[in-house]
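I have placed the structure first, in the form of structure tokens, so that the comments after it can refer back to it.
The values are calculated or read from the model by the stated rules, or taken from the named source; none is laboratory data. If you're wondering where the values come from, they're calculated on a predicted model, not measured in any experiment. Note: ideal-geometry Cβ built from the backbone for every residue, glycine included; neighbour counts use all protein chains shown. With ligands, DNA and RNA removed, areas are computed over all heavy atoms of the protein, side chains included. Shrake-Rupley method; radii C 1.70, N 1.55, O 1.52, S 1.80 Å.
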Amino acid sequence: MLTRELLAIPMPAGQRLDINSGVARLSGKIWATLWRDDRQAPTTAVLIVHPASNFLGHYALRDLARRGVAAVGLCTRYVGNDSALIMENCVLDIGAAIAHLRSLGYAEVVLVGNSGGGGLAALYQEQAEHPTITDTPAGDPVDLTGLLPADRLVMAMAHPGRATVYTEGLDPAITDETRPFDRDPALDMFAPANGPAYGAEFLTRYRAAQIARNERITDWVLAQLSELDTHRREDRHGEKTGPDDLPFVVHGTAADPRFLDLAVDPSDRRPGTLWGDPWTANFQPASLGHLTSLRSWLSQWSYTRSRANAYRCLTNVSVPVMVVYGSADSAAFPSHATGMYDAVSHDRRELVEISGADHYFQGTPELATAMCDRIVEWSR
């Protein structure tokens with residue numbers, strides 16, 4: 001008989017007002033669900049994390065709990081809204097969750113970065129083992145000392161980080177950030193003259209132009225932050241007041257050639273994105289990272305400034321690492337999995353392919369069960 005418990009975890013203090021909901025701010029809590037089979041008295045907790053997704057009802061929780069571990073799905077303070085998300089605060093939220101699980105008596109904690117949680121989980125473990133970060137990329141102070149390391153790390157159907165995968169989908173044909181349909185035909189993956197199939201020379205130019213666009217946005221963000229500082233005023237106590245962040249829109253974020261050309265990073269996937277047709281997903285607000293703020297861009301989406309990069313962070317992680325990927329995944333690709341596996345600098349690592357699995361195990365619950373089997377067996 002499985003039981004489910006809602007965990008109210010004290011939320012670490014943030015330096016900024018970056019959560020819209022006053023109810024959420026004033027509650028001072030982040031939330032998680034814990035599933036367990038009390039007849040088995042689990043001593044291991046498997047904690048599944050993502051920067052912004054609601055994991056209270058994650059598909060793996062019941063299957064994991066049935067296999068004798070406590071299965072925990074975490075929501076960070078930014079659940080459901082990543083427009084002002086700061087990755088370093090997400091690290092603090094994971095730290096609060098792990099400390100809470102330790103206080104409940106769980107001797108082992110397995111940290112699972114799922115989907116966009118891969119880069120975040122790797123950053124957490126790196127900082128828990130070797131704290132180096134003292135401020136956000138925008139310069140806001142943050143204290144990441146005292147984090148309790150997880151005992152094992154799993155990258156499950158994960159990509160290496162939001163900034164990396166975002167840049168791989170950033171549309172380089174957009175040359176004016178305010179006019180997404182005035183397009184450079186030489187860098188337009190949707191122009192039939194360019195493919196699919198896409199040639200090697202086009203892909204090389206395309207990838208370089210994606211990084212260049214991301215860096216142009218980063219330069220603009222830094223200039224905007226500097227200009228904002230000139231508009232701040234001192235109050236009667238000598239403290240600066242006024243806006244120090246602004247929202248903005250990024251068009252064209254689902255333009256990865258892998259979405260249309262299955263020969264690029266070959267796998268069993270079908271053409272398309274998690275949000276449907278790539279041309280439509282490239283512009284619709286519900287797809288990845290169209291709405292953000294200056295400070296959030298630097299922490300979450302900037303190719304050069306964001307720290308949540310599993311390729312870099314995993315080199316500094318000492319605990320065992322498992323990388324699990326699906327052969328039919330259209331969001332986390334085989335090269336992501338092998339790149340993360342190769343980044344681990346020790347031999348306590350495992351690379352697992354779930355043949356036929358897409359990103360969410362749609363229509364194949366038995367494959368999700370197989371993933372849970374592998375995670376629990378490995379955890380023991």
* Would you check the accessible area of W31, probe 1.4 Å, heavy atoms only, in square angstrom rounded to 10? => 100 Å²
* To do: Just the number, please: Stokes-Einstein D of segment 27-84 in µm²/s, Kirkwood Rh from C-alpha pairs, 10 °C, 1.306 mPa s.
  => 134 µm²/s
* In 10 Å bins starting at 0, how do the alpha-carbon pair distances of segment 201-283 split up by percent? -> 14, 29, 24, 16, 11, 5, 1
* Considering only protein heavy atoms and a 1.4 Å probe, what is the carbon-and-sulfur percentage of the accessible area of the chain? -> 53 percent
* To do: Mind running the shape call on segment 1-142? Use the C-alpha gyration tensor, a ≥ b ≥ c as the square roots of the eigenvalues: rounded below 1.5 for a/c, prolate if a/b tops b/c, oblate otherwise.
  => prolate
* To do: Choose one answer from E129, E168, E201: the residue with the largest mean-square fluctuation in a GNM of the chain with alpha-carbon springs under 10 Å.
  => E201
* **Antiparallel bridges, percent of DSSP beta bridges restricted to the chain (to nearest 5)** => 45 percent
* To do: Could you tell me whether segment 141-193 comes out rounded, prolate or oblate from its Cα gyration tensor? Rule is a ≥ b ≥ c as square roots of the eigenvalues, rounded for a/c under 1.5, then prolate if a/b exceeds b/c, otherwise oblate.
  => oblate
* Taking only protein heavy atoms into account and a 1.4 Å probe, give the accessible area per residue of the chain in Å². => 42 Å²
* Structure fact -> Mean-square fluctuation maximum in Gaussian network of the chain, Cα pairs under 10 Å, restricted to P334, P51, P185, hits P185
* **Rounded, prolate or oblate (a/c below 1.5 giving rounded, otherwise prolate when a/b exceeds b/c) for the chain by Cα gyration tensor** => oblate
* Nearest 20 debye, what's the magnitude of the dipole of the chain about its Cα centre given +1 on Lys and Arg Cβ and -1 on Asp and Glu Cβ? -> 800 debye
* Along the charge dipole of the chain, Cβ charges K/R +1 and D/E -1, which of T132, P278, T338 sits furthest on the positive end? -> T132
* Debye equation applied to the C-alpha atoms of segment 242-380, log10 I(q)/I(0) at 0.15 Å⁻¹ -> -0.94
* Asked: Roughly how many whole Å is it from the C-alpha centroid of segment 310-327 to that of segment 244-306?
  -> 23 Å
